[in-house]
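The values are calculated or read from the model by the stated rules, or taken from the named source; none is laboratory data. Given the structure is predicted, the values throughout are model-derived calculations rather than measurements. Because the Cβ atoms are built from the backbone with ideal geometry, glycine has one as well, and the counts that use them run over all protein chains shown. Keep in mind that these areas ignore ligands, DNA and RNA; they rest on the heavy atoms of the full protein, side chains included. Shrake-Rupley method; radii C 1.70, N 1.55, O 1.52, S 1.80 Å.
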Amino acid sequence: MLIRPSHWVVWLPTLWGLGAALPPALPQQDINTINCFDLVDESQWDLVLGLNLTTASLSVVVSGAGPPVITCLNRQTVRYLVSVVGDTTSQPYLLSELHTWEGISGQLVRDPPTFPYLIYGGRYRLQFTHCGQDRNMTDSCREGRDTKTVFSDFVNIQPSVNPWCSPAQFTGNTSLLSLDTPAVKGTTTVFHFSFSPCSTVQPYDTANVTLFSADTREECGQEVTASQSVEIFTNTAGEAAIMYQSPDLAGDRYYCLSVTLSHISCRLTTLERPTHCWLESDAVWVPATPIIASILPFCTSHFACAWLYIVVGGSISLILSLVMAITCVRCCERRDRNNSKQRDEVDFPGEVISLAPLTDRRGWAELHKEWESREEKARGKILLLYSPDTKLFKELQEAFKSFLDLACHCDIYDLFDDALFDTIALDPSEWLQEFVNDKDVKIVVMSSIGAYRRQQALAGEMPLNLPDNSLLDGLFTSGLRFISSYPGLATSGRVATARFEMLHLTEEGHKLGPPLSGPDTREFLIPTQLHELFCWVHQLKPLDLMGKPWVNYHLEMQLLQDALKLVRRDRTVMDRSCGGQPNFTDLGNGVTMI
């Protein structure tokens with residue numbers, strides 16, 4: 001078909017656009033003699049420069065250079081040197097070991113490099129140097145002799161260095177650095193460091209730690225015991241933190257740790273280094289453990305296993321006595337049998353008591369270490385429902401939640417969590433549905449006078465008159481209604497109730513009724529049965545565990561008991577004239593719900 005002259009006006013723009021969309025043809029000369037990045041169009045450099053402001057890094061996006069460049073690199077067998085370069089102002093903030101990459105052309109396509117630590121403001125660009133096929137050309141390539149070099153466009157980077165990371169702030173500013181006292185656990189030591197970083201902590205931030213040992217505190221820092229590279233993370237205070245747990249150490253020696261940061265501010269020779277580039281801990285004494293500790297880890301000292309020595313000694317004495325008694329009876333029986341004049345015989349059947357071996361049982365301290373030393377150990381999940389009857393009673397629940405978090409290794413979910421208030425208050429049933437669907441979540445409902453009366457009110461057995469400041473009562477009532485009415489949940493074994501002992505707000509007359517009571521619903525008394533609550537959440541049997549449950553959590557237990565004592569002493573909500581019954585019209589001393 002021939003195109004009429006009158007149609008050229010219509011067809012010419014279309015043909016011109018198709019020609020512009022076609023990729024430029026590769027040069028016909030030897031493919032290994034050219035720099036493939038010469039084929040990048042000036043308008044495509046923005047697609048090649050992968051600037052990530054979040055991680056303060058610059059990546060080479062080869063796919064953005066276009067098909068001709070990718071085809072050229074795949075066909076070549078030469079080496080390239082890719083570097084980040086700056087202008088006269090920004091070049092001092094670059095390091096060759098961080099901002100230089102060298103490899104073959106095919107590797108540049110398969111695994112393009114990423115250059116970190118671009119935290120200082122200035123103008124930066126990429127330099128692509130064609131180094132040839134000979135590995136011996138590396139030196140000449142770095143010196144710029146007999147090479148073909150292509151530069152990208154400049155990118156402007158704003159500084160992301162914190163203001164306190166400057167030489168004027170280093171002197172006398174001790175608030176930027178925190179060295180915690182090392183914690184000794186058995187034959188291992190845990191070191192903690194925290195400081196205000198020069199820039200946002202990135203996934204590639206690391207620190208080199210070296211562990212030293214010595215016979216005296218003054219000599220610690222000369223004999224190397226172990227070395228390792230650890231990651232730097234952000235703690236809850238927003239600071240950079242380093243944690244190192246040593247392997248099992250030899251006892252009766254001092255140990256200390258030195259830390260060297262890999263941050264670029266600690267490696268640039270053109271800038272004054274911050275004070276936290278090199279850290280050193282105090283020397284800590286690690287006592288020796290008895291030989292029996294290799295068999296029983298909870299025997300950290302002879303005094304801790306004194307009861308075990310008594311039991312073993314008594315058992316050996318008992319067995320020895322039984323063996324000697326049986327031997328004596330056997331000897332007497334044999335002698336009487338050989339003596340023909342002996343008329344009276346001793347009738348002894350000779351049955352020996354068989355001592356079955358005891359079942360191997362774990363200790364509580366060993367069980368707690370599984371969560372303390374292994375991050376991949378799954379924590380328990382508890383949905384805690386309670387009626388905030390008084391201000392002090394609500395503070396008691398916070399202390400209880402803290403104990404469950406630290407000592408019972410559980411994640412606690414609370415209807416009154418301030419951080420999630422907007423989400424929960426919008427639709428409590430939808431929020432509770434997520435935990436009901438998760439089979440690993442245990443549900444604990446606290447029995448109290450407020451919870452009891454709300455359950456009676458839901459059943460229509462008792463009117464409930466709430467004060468004006470009961471803004472949060474609807475949340476607990478919604479949660480109680482949802483748990484009670486959900487099909488099969490109360491009898492699934494995942495729901496339990498709990499009461500605080502010797503507390504007027506949670507006395508036995510305020511126990512929750514069905515469906516939150518019955519043979520399928522456990523009730524735990526706090527704090528006496530906390531260990532049974534621990535075993536219920538983690539699906540353990542209390543009789544399979546030995547030792548004291550909270551021997552390493554005295555402080556957490558004391559805080560819980562102190563909070564319980566405060567609520568026990570709080571009698572301002574009790575009206576003496578009413579025979580000791582709660583006075584719901586007296587809103588003094590933090591009566592918030594009842």
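Below are the figures for this structure:
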| read-out | value |
| --- | --- |
| Heavy-atom surface of the range 480-536, accessible at 1.4 Å and reported per residue (Å²) | 42 |
| Euclidean distance of C-alpha centroids, the range 91-129 and the range 366-411, integer Å | 47 |
| Cross-link table Lys401/Lys442; Lys391/Lys442; Lys394/Lys511; Lys394/Lys442; Lys185/Lys381, entries beyond 24 Å C-alpha to C-alpha | Lys391/Lys442; Lys185/Lys381 |
| Mean-position separation - Cα centroids, the range 472-507 and the range 251-291, in angstrom | 50 |
| Cβ crowding within 10 Å averaged over residues, with 325-336, 84-95 ranked highest first | 84-95, 325-336 |
| HN-Hα J in Hz across the range 121-131 - Karplus 6.51, -1.76, 1.60, θ = phi - 60°, x for Gly and Pro | x, x, 9, 10, 8, 9, 10, 10, 10, 7, 9 |
| Peptides ranked, highest mean first, by Cβ atoms within 10 Å: ranges 370-378, 271-279 | 271-279, 370-378 |
| Cα gyration tensor shape for the range 399-533, rounded if a/c is under 1.5, else prolate or oblate | rounded |
| Mean Cβ neighbour count within 10 Å, used as a protection proxy, ranking 193-200, 316-323 highest first | 193-200, 316-323 |
| In sequence order, calculated HN-Hα J values of the range 103-117 (Karplus, 6.51, -1.76, 1.60; Hz; x Gly/Pro) | x, 6, 5, x, 5, 5, 7, 6, 9, x, x, 10, 10, x, 6 |
